[in-house]
Each structure stands twice: as structure tokens, then as C-alpha cells.
Amino acid sequence: VQLQACGGGLVQTGGTLNLSCVASPTTFSFPVMGWWRQTPGKARELVATINRGGSTTIAESVKGRVTISSDSAKNTVSLRMISLKPEDTAVYYCYVKRFGLDYWGQGTLVTVSS
């Protein structure tokens, strides 16, 4: 399984973050897709996930600011986060679960400037 994410970088406080990720091979299906994030010295934490039925799980810390969407036919998952705060600075990881196994992308750094 390979996960290729794009987006991230430097964003101003109050700005908007858009991340997208494609999972391969396309012949696989991924029942759960989403995003986690991690800051130095802290455990990786869930941001948001979505399943094939469209049900989402969203962390309390970002609830109301995050929209997650996916396209199961294309194996893509996207995250949109608004009203960014400096505490949103982290490495964001694309994530999928398949047959009980977790897979992570390499991570993309998001820095929110104050």
C-alpha cells in the first residue's frame, strides 16, 4: 500500500488548509481513510477519518473547522481545515485501514504562522 499526499506547507493563522491523498494500488479498496497529525514529543493523534459509508470521526480539537471527504472509486481522501491556529502546526499523515491493518503516508508538514 502506498499513500501519496499533497498540500500543506506554510499557512497563516486564520487561513485554510487543504490536503489530499491518493492510496494505491487502485485495485485495493480501503474501508477507512483519513488523517492523523503529530507534533514533536507528542503521540500521533487522529484528526478525522471517513469510512466507505460516509460516516466520519472528527477530533474534538478540530470539530467545526474540518471537512473530510473521500472518493472510494479513486481511493482519494481530502481534508479541508479552516480558521487555522498555531497549535494546528504538525506533520499531517494520510491514513488508511485495510483488513485490520493501518497504513500511513510519509507525512506532510503544516506550519501555521502567528
* **Interchain or long-range residues, amide H under 5 Å from GLY8's placed H** => ASN18
* Structure fact -> Out of SER20, SER55, MET81 - ranked by how far each Cα lies towards the positive end of the dipole of the chain, with unit charges on the beta-carbon of charged residues - the top one is SER55
* Grab the Cα-Cα distance for PHE28 and GLN2, subtract it from 0.36 nm times how many residues apart they are, and report the gain in nm with one decimal. => 8.3 nm
* In whole angstrom, how far apart do the alpha carbon centroids of segment 83-114 and segment 20-51 sit? -> 7 Å
* Among PRO31, PRO40, PRO86, residue whose mean-square fluctuation peaks in a GNM of the chain (springs only between Cα atoms under 10 Å) -> PRO40
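Here, each number is a calculation from the coordinates, and none is a lab measurement. From a predicted model like this one, the values you see are computed outputs, not experimental measurements. Quick reminder, even Gly has a Cβ in these numbers, built from the backbone with ideal geometry, and neighbours come from all protein chains shown.
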